[in-house]
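The values are calculated or read from the model by the stated rules, or taken from the named source; none is laboratory data. Predicted model, so just to flag it, every value in this text is computed and none were measured. FYI the Cβ positions are ideal-geometry reconstructions off the backbone, even for glycines, and counts take in every protein chain you see.
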Amino acid sequence: MQLNLKEHWEKVYQTKQPQEVSWTEETPETSLAFIQGFNLAKNASIIDIGGGDSKLVDYLLEEGYSDITVLDISEKSLERAKNRLGEKSKKVNWIVSDIKSFHPIRKYDLWHDRAAFHFLTTEEKVRSYLSIVRSCVKGYMIVGTFSTSGPNTCSGLSVKQYDDKELSKMFMDGFRKLKCLKVDHTTPFQTKQSFTFCSFKSIAAR
């Protein structure tokens, strides 16, 4: 029987707290450093793919960004983020969608994806993702995946590991690589996970 991904992630967020999952980070330092380096206008359109209940949105709001979208397949994860933010959550656009079936109706100055892309383990799924980003990213993109020395599964699901060359190659059609980093993420269990982070700029962007 084919795994229902939405049911899988809803169950994860219904049964586990942030300190019980490996991807939680109290401060998304790597993502914030990349974003700050872009010198975006405060009204830049930003979308966080697979953002769930990540605290990136908290920091973006604190820094004064006013056009933020968070997309996740799990409605429960977004509910947790909304509850945490309280009134501030009304300043954010929340989208419940599997990234592969996301049909953006606007373009974004920044596309941020920490640990969603690496769950796309077939050519068809990757092609679908690449088609979406080419259609709607008019500025910058940040993609973070497990590195080739990182885990090969997450939350019971297989992932595709990338080094900086492989990740850069994925986006060479339509984007120019700016910078890649290998980063160790310390999980709530005090273990290390190796990530590859790369930033890109749309070739169409001035």
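Observations on the model:
- Hits in the range 97-109 - residues which are farther than 19 Å from Ser202 by Cβ and touching a Lys or Arg at 6+ places or on another chain (Cβ under 9 Å): Asp98, Lys100
- Within the range 1-30, tally of residues that are among the charged types (D, E, K, R) and in a helix (DSSP H, G or I): 6
- Top-ranked residue of the range 167-192 - restricted to ones that are over 18 Å from the mean Cα position of the chain (by Cα) and not in a loop (DSSP other than H, G, I, E, B), ranked as nearest to Thr24 (Cα to Cα): Lys192
- Residue satisfying all of: in the range 47-67; surrounded by fewer than 23 Cβ atoms within 10 Å (Cβ to Cβ) and of a type in the set (A, V, I, L, M, F, W, C); farthest from Val133 (Cα to Cα) among these: Leu61
- Residue match in the range 68-83 (condition: touching a residue at least 60 places away in the same chain (Cβ under 8 Å), surrounded by 14 or more Cβ atoms within 10 Å (Cβ to Cβ), in contact with a Lys or Arg (Cβ under 8 Å, 6 or more places away or on another chain) and of a type outside the set (A, V, I, L, M)): yes
- Residue within the range 94-107 that is within 16 Å of the chain's Cα centre (by Cα) and more than 21 Å from Ile132 (Cα to Cα) present: no
- Exactly one residue out of Ile142, Ile105, Ile132 is of a type in the set (A, V, I, L, M) and assigned to a loop (DSSP other than H, G, I, E, B), and it is Ile105.
- Residue count, the range 170-206 (criterion: free of Cβ contacts under 8 Å to residues at least 12 places away in the same chain and in contact with an Asp or Glu (Cβ under 7 Å, 6 or more places away or on another chain)): 1
- Within the range 108-124, the set of residues being crowded, with 16+ Cβ neighbours inside 10 Å and part of a helix (DSSP H, G or I) comprises Phe117, His118, Phe119.
- Exactly one residue out of Ser128, Ser149, Ser155 is modelled with pLDDT under 95 and surrounded by fewer than 19 Cβ atoms within 10 Å (Cβ to Cβ): that is Ser155.
- Inter-residue pairs, beta-carbon under 7 Å, first exposed (fewer than 15 other Cβ atoms within 10 Å of the Cβ) and part of a helix (DSSP H, G or I) and in the range 86-100, second modelled with pLDDT of 95 or more and of a type in the set (A, V, I, L, M), 6+ apart: Lys88/Leu61; Lys91/Leu61
- Residue list for the range 171-203, restricted to those being under 22 Å from Ile132 (Cβ atoms) and surrounded by fewer than 12 Cβ atoms within 10 Å (Cβ to Cβ): Met172, Asp173, Ile203
- Scanning the range 173-205 for residues that are touching a strand residue (DSSP E or B) at 6+ places or on another chain (Cβ under 9 Å) and hydrophobic (A, V, I, L, M, F, W, C) yields Phe175, Leu178, Cys180, Leu181, Val183, Phe195, Phe197, Cys198, Phe200, Ile203, Ala204, Ala205.
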